[in-house]
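Accompanying notes for the structure given below.
The values are calculated or read from the model by the stated rules, or taken from the named source; none is laboratory data. Computed from a predicted model, the values in this text were never measured in an experiment. Quick reminder, even Gly has a Cβ in these numbers, built from the backbone with ideal geometry, and neighbours come from all protein chains shown. Areas reflect the complete protein model, heavy atoms only, side chains present, ligands, DNA and RNA absent. Shrake-Rupley method; radii C 1.70, N 1.55, O 1.52, S 1.80 Å.
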Amino acid sequence: MAHPSQLGFQDAASPVMEELLHFHDHALMIVFLISTLVLYIIVAMVSTKLTNKYILDSQEIEIIWTILPAIILILIALPSLRILYLMDEINSPLLTIKAVGHQWYWSYEYTDYEDLGFDAYMIPTQDLTPGQFRLLEADHRMVIPVESPIRVLVSADDVLHSWSVPALGIKMDAVPGRLNQTAFIASRPGIFYGQCSEICGANHSFMPIVVEAVPLEHFENWSSRMLEDA
């Protein structure tokens, strides 16, 4: 969960998000070193009147500043491509959930069960209980088993939406008439919050996403109660 004045990302709750955080730190360090070198060169050029005639026309230096940026780009591109392939990898999901965006709420269908589905509306501010977060709590949470591969099929019923949970490293567009899929593994129990990340209308800010990761035994008890109520 993010907190005020936070500078970094939320704590990772999935293996993919951990890889994304490592790549962010890797790329940020490269950018920091390049920025420091450029700043030093600018300050040196402005603050001195000395001129090195061997730098004014040097074939060796031109080769270096042509090859070095190419090497740096490779060092950034290879980890990026690796993570892209990891994010697209979906192998034998334990559970498939269909998330459909509406104006302005989410509906969830557990396709492995016959009649397990519900709508998730934001809890109004006046109905919040102590400890709940304003604009982030939903009346129904998407409950999933922890440490299990979950596939999410994302679509929309009316306009463009986006199903996004930052702690899990997920952001998938919900397009009417199209079924997009993504997958994740919650590496620890917890409650993870997200919101619609596409400007979808007047109540765009009131489409929270709440994912609750629980042990498999608790998930089975929850699904049994939901099926009995249905």
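The share of accessible area on the chain that comes from carbon and sulfur is 60 percent, using a 1.4 angstrom probe.
Just tell me the longest site-free run in the chain, where the sites are GluC sites (Glu not before Pro) in a DSSP loop having at most 10 other beta-carbon atoms within 10 Å. For GluC sites (Glu not before Pro) (loop position, at most 10 other Cβ atoms within 10 Å), the longest site-free span of the chain is 115-230. In this label model, residue 158 and residue 35 are separated by 4.2 nm, measuring between points 7 Å along each Cα→Cβ vector. If both residues of a DSSP beta bridge must be in the chain, then about 70% of such bridges are antiparallel.
Think of each Lys and Arg Cβ as +1 and each Asp and Glu Cβ as -1; about the Cα centre, that makes the dipole of the chain roughly 1040 debye. Helices in the chain that qualify as membrane-span-like (whole DSSP H runs, Cα extent of at least 30 Å along the helix axis, mean Kyte-Doolittle hydropathy of -1.0 or higher) are 15-47, 59-88. Using a Förster distance of 22 Å, how high is the FRET efficiency between residue 228 and residue 119, based on the Cβ-Cβ distance and rounded to 0.05? Calculated value: 0.75. Projecting each Cα onto the charge dipole of the range 15-88 (Lys/Arg +1, Asp/Glu -1 at the beta carbon, about the Cα centre), which of 83, 42, 32 comes out farthest on the positive side? Value computed over the given set: 42.
In a DSSP loop and with at most 15 other Cβ atoms within 10 Å, the trypsin sites (Lys or Arg not before Pro) in the range 1-83 are 49. Size of the chain: Rg and Dmax of its alpha carbons, in Å, are 23.8, 85. Loop-located trypsin sites (Lys or Arg not before Pro) in the range 121-200 (DSSP state other than H, G, I, E, B) with a sparse environment of at most 12 neighbouring Cβ atoms within 10 Å: 134, 178. Extending 7 Å from Cα along the Cβ direction at residue 1 and again at residue 88 yields two label points whose distance is 3.7 nm. Rolled with a 1.4 Å probe across the full set of protein chains, the surface gives residue 104 an accessible area near 70 Å². Taking 0.36 nm per residue of separation and subtracting the Cα-Cα distance, full extension of the segment from residue 49 to residue 70 would add 4.4 nm.
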